[in-house]
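What follows is calculated from the coordinates using simple rules that are stated; it is not laboratory data. Keep in mind that this is a model prediction, so the values were computed, not measured. With ideal geometry, Cβ positions are generated from the backbone for all residues, glycine too; neighbour counts draw on all protein chains shown.
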C-alpha cells in the first residue's frame, strides 16, 4: 500500500511518516532525496538522521531516478521528499529549468515502479500551494509540476494525510488502521 503525507514546512510530516512504519518488522528503507547544499540543508539532514537513529531504517541517498533504487521485496519504504526530488529532476543538468509533462510522468512512473517493490510505501511531500504569491517563471513551473505529481500520487495512494501544526489529518482513502 502507498500512503501520501503532505504538509507545510516543519509540520510534522517526517515524524508522522516514520510513525506509520513503527510496527513494521521487515526491512525499512529511507530514500533521502535532499542534496546537501548549504548549512540549512546539512542541519535538516542531521535532524532527520537523529529522528530515525533507533528506528532501524537503512538510508539510501538518491537524488533523481528513484525507480532505480534497489529495494528488497516486501520491505517498507519512506520516500522523503517529492519536493526535493522534483527540484533535482528539474535542474538535473544544472542549467535551465525543465518543464514538460514527461518529467511529471517520469517521477510518477518511478514512484509506481518503486511501489511494486515494497509492501508499504510512505511518500512525504511539501504543501506549497497556499501562499498565493506571484512567482518567478521557474518557481511557477515547480509549483505546477509538484501539484500535478501530488494529485497523481494521491490518486494511486491508499491513504492521504496532511500534517497541520503537528497533527496528521486524514484526507482520504482507506482508514489508517488498514495500512
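Summary table
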read-out: Degrees, to the nearest 10: 101-117 long Cα axis against longest axis of the chain; value: 10
read-out: Highest to lowest packing among 133-140, 121-128, scored as the average C-beta count within 10 Å; value: 121-128, 133-140
read-out: Rounded tilt (10° steps) of 38-51 against the dominant C-alpha axis of the chain; value: 10
read-out: The range 6-136, relative contact order in percent, only Cα pairs under 8 angstrom and at least six apart counted; value: 34
read-out: Bridge type composition, the chain - antiparallel percent by DSSP, nearest 5; value: 20
read-out: Degrees between helix 137-156 axis and first principal axis of the chain (Cα, 0 to 90, nearest 10); value: 30
read-out: Proportion of all alpha-carbon pairs of the chain beyond 23 Å (%); value: 38
